[in-house]
Amino acid sequence: MGSVTSPVASPPDVGVVIVAAGAGVRAGPGEPKQFRPIHGVPMLLRTLRPFTSHPAVSQVVVAVPAGFAERPPEWLGKLLGDRLCLVPGGAARAQSVRAGLRALPPGASVVLVHDGARPFVSRETIDSVITRARTGVGAVAAVPLHDTIKEVADDRITRTVARERLWRAQTPQGFPRGMIDEAYARLRKEDPAPTDDAELCERAGFAVHVIPDTPHNLKVTTADDFRIAEALARERR
């Protein structure tokens, strides 16, 4: 990716919602995966650092599993203050994001939503997403697909999907505050659950653009992902 000018504002005008309310059952037994260490550092702490240290960010809200907002791990409780707070998340991603949006200050004119299980997001990607969202559109960190993609039914390949226009969506995803607030206001209980916030804004008719990202910004979901994350963390020491 090419370099971009760091989107520093005065006063800071970016609010961040970190979605970290899942149980992480695919990662195996134990505490919620977002609290597990990656090379000695809790994954959620690795995720938080690029946002809490960003000069354009006014507030970071973390949606955590029920009960952890009142009783967080000790290392997380020590970090809470004016710029970082916790809210109870919901059973679905959209419920957690809604809770985070409600907790953001009115002065946050740009909103970033990021997965708590993506601990290796770069400052350059964050800057690029903020810059694009400030132009009035949605912005999604994403990587183009290079693998051959197969559509399958009952273990049988039904077709090979052309990959030239396919991208894998990652986070952060950034939006003007009015856009994401309106998109969530339109979401009804009977609507299909969105898989990410970009989909919700797309349904509402808003323009959403991709921001080229790196595969290193992986989402840690399974035990194998943790092993990959450990290797990445060792490389970054």
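The values are calculated or read from the model by the stated rules, or taken from the named source; none is laboratory data. No experiment lies behind these values; they were computed from the predicted model shown. Ideal geometry is used to build each Cβ from the backbone, glycine not excepted, and the neighbour counts take in all protein chains shown.
When the residues of segment 47-73 are filtered to those that are touching a strand residue (DSSP E or B) at 6+ places or on another chain (Cβ under 6 Å) and in a helix (DSSP H, G or I), which remaining residue is farthest from V16 (Cα to Cα)?
Out of the qualifying residues, it is T52.
Tell me, please, whether a residue that is free of Cβ contacts under 8 Å to residues at least 12 places away in the same chain and polar (S, T, N, Q) can be found in segment 196-218.
no
Take the conditions in a loop (DSSP other than H, G, I, E, B) and without any contact (Cβ under 8 Å) to a residue 12 or more places away in the chain and apply them to K150. Does it pass?
In short, no.
Quick one: count up the residues across segment 81-108 that are loosely packed, with under 13 Cβ neighbours inside 10 Å and in contact with a strand residue (DSSP E or B) (Cβ under 9 Å, 6 or more places away or on another chain).
The qualifying residues number 3.
Here are some residues: R156, R165. Which one is exposed (fewer than 14 other Cβ atoms within 10 Å of the Cβ), modelled with pLDDT under 95 and either of a type in the set (K, R) or within 30 Å of F35 (Cβ to Cβ) (or both)?
It is R165.
From the list V111, V129, V140, pick out the single residue that is surrounded by 24 or more Cβ atoms within 10 Å (Cβ to Cβ), outside any strand (DSSP E or B) and among the aliphatic types (A, V, I, L, M).
V129
Would you mind telling me which numbered condition in (1) within 20 Å of L187 (Cβ to Cβ); (2) part of a helix (DSSP H, G or I) L76 fails?
Condition not satisfied by L76: (1).
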